[in-house]
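Scroll down for the structure; my scribbles are underneath it.
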Amino acid sequence: MSTEQPLILEARDLRKSFDGFAVLKGINLELRKGSVLVVLGLSGSGKTTLLKIFSGALQADSGMVEVFGTSLIGISAAELSAYRRRLGVVFQYSALLGSLTVRENIALPMVETQGMRLPECEERVRDALSRVFLNADDVLDRKPAQLSGGMRKRVGIARALVQEPELLLYDEPTSGLDPVTARGVDELVIRLKRDLGMTSLVITHDIDGAMRIADHIAILHLGEILALGTPDELRESQHPAVRQLLDGTVDGPLTADFAAAAQESAQ
């Protein structure tokens, strides 16, 4: 990766197990300021566990993980609170509260973490909506059920942006969306990088989307990184497991050939 920008996130030999079962097996990753890193993998690859560690929701068992130069291994509650104020998380399916309006959903982080009253949040809520290309007057008083899937996703991103984070973590940002709407979300990730210099880490199983938005892609399988490179580098890769994944011959459960190729790559 380029050394021109400072490291925002770095993981070295990161490991996590549950009940003796290894979910992450020595992950090495780095993310530099202003870039988009996509962790691409099928169901059960360890993506969600990795994201939870980066968000501070889980502690790794061993290894090193630093974000903004702060170690997340053994982090104190006060340090974790300060860390999360620099972080925005875009949840799968947006995770908007159905009983709240768009205004209330987006303002919620400021109300809960800064003790702000709802009227005090208005300007920043409107600004966050403008960044995701939604007209505030059209959506502020709507409930999530009154929005399309793409609009809900944009509102979820606006909520993550409202406290002006230095890093955005996306959990399957296009999951459940039709191809046209998914492409719109991809374009939004690209625009946030281009217009705001936003640093983003995206976990997804959406191969086409990953190729569109990423500066670098890490292919994760059974807790290990099979390949890491730019989209162009991965397109040219002759690694059998990478080829099988990118050529679309793996869909849903792993085929025996993919599993064998992945195991060979780990040896």
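The values are calculated or read from the model by the stated rules, or taken from the named source; none is laboratory data. For clarity, every value in this text was computed on a predicted model and none was experimentally measured. Cβ: placed from backbone, ideal geometry, glycine included. Neighbour counts: every protein chain shown. Note: accessible area is taken over every heavy atom of the protein model, side chains too, but ligands, DNA and RNA are not part of it. Shrake-Rupley method; radii C 1.70, N 1.55, O 1.52, S 1.80 Å.
Residue separation of Ala82 and Phe18 scaled by 0.36 nm, minus their Cα-Cα distance, works out to 20.3 nm of gained length.
By the Kirkwood approach, averaging reciprocal distances over each pair of separate Cα atoms, segment 109-256 gets a hydrodynamic radius of 17.2 Å. Cβ-Cβ distance of Asp178 and Met116, R₀ of 45 Å, FRET efficiency by 1/(1 + (r/R0)^6): the value works out to about 0.80.
Treating each Cα of segment 1-77 as one equal point scatterer and applying the Debye formula with no solvent, the log10 of I(q)/I(0) at q = 0.11, 0.12, 0.25 Å⁻¹ comes out as -0.28, -0.33, -1.28. Converting phi to 3J(HN,Hα) with the Karplus coefficients 6.51, -1.76 and 1.60 and the offset θ = phi - 60°, segment 160-169 yields 5, 8, 5, 9, 6, x, 8, 8, 10, 10 Hz in sequence order, with x at every glycine or proline. Calculated [222 nm] ellipticity per residue, helices only, for the chain: -11500 deg cm²/dmol; basis is -39500 (n - 2.57) per DSSP H run with n ≥ 4, divided by all residues, nearest 500.
Solvent-accessible area of segment 102-231 (1.4 angstrom probe, protein heavy atoms only): carbon and sulfur portion equals 47 percent. On segment 1-82, 49 percent of the accessible area sits on carbon and sulfur atoms, based on a 1.4 Å probe. The value of relative contact order for the chain, using C-alpha pairs under 8 Å at least six residues apart, is 25 percent. What the Cβ-Cβ distance of Phe133 and Gln238 gives, at R0 = 45 Å and to the nearest 0.05, is a FRET efficiency of 0.70. For Asp195 and Glu10, the difference between the fully extended length at 0.36 nm per residue and the C-alpha to C-alpha distance is 64.2 nm. Given a 1.4 Å probe and the protein chains as shown, Leu108 ends up with an accessible area of around 40 Å². Only lysine pairs 8 or more places apart, or on different chains, with alpha-carbon atoms under 16 angstrom apart are counted in the chain, and they number 7. Applying the Kirkwood pairwise sum to the alpha-carbon positions of the chain produces a hydrodynamic radius of 19.2 angstrom.
Based on alpha-carbon atoms, the Kirkwood radius and the radius of gyration of segment 25-116 give Rg/Rh equal to 0.99.
Normalised per residue, the accessible area of the chain is 47 Å², obtained with a 1.4 Å probe and no contribution from ligands, DNA or RNA.
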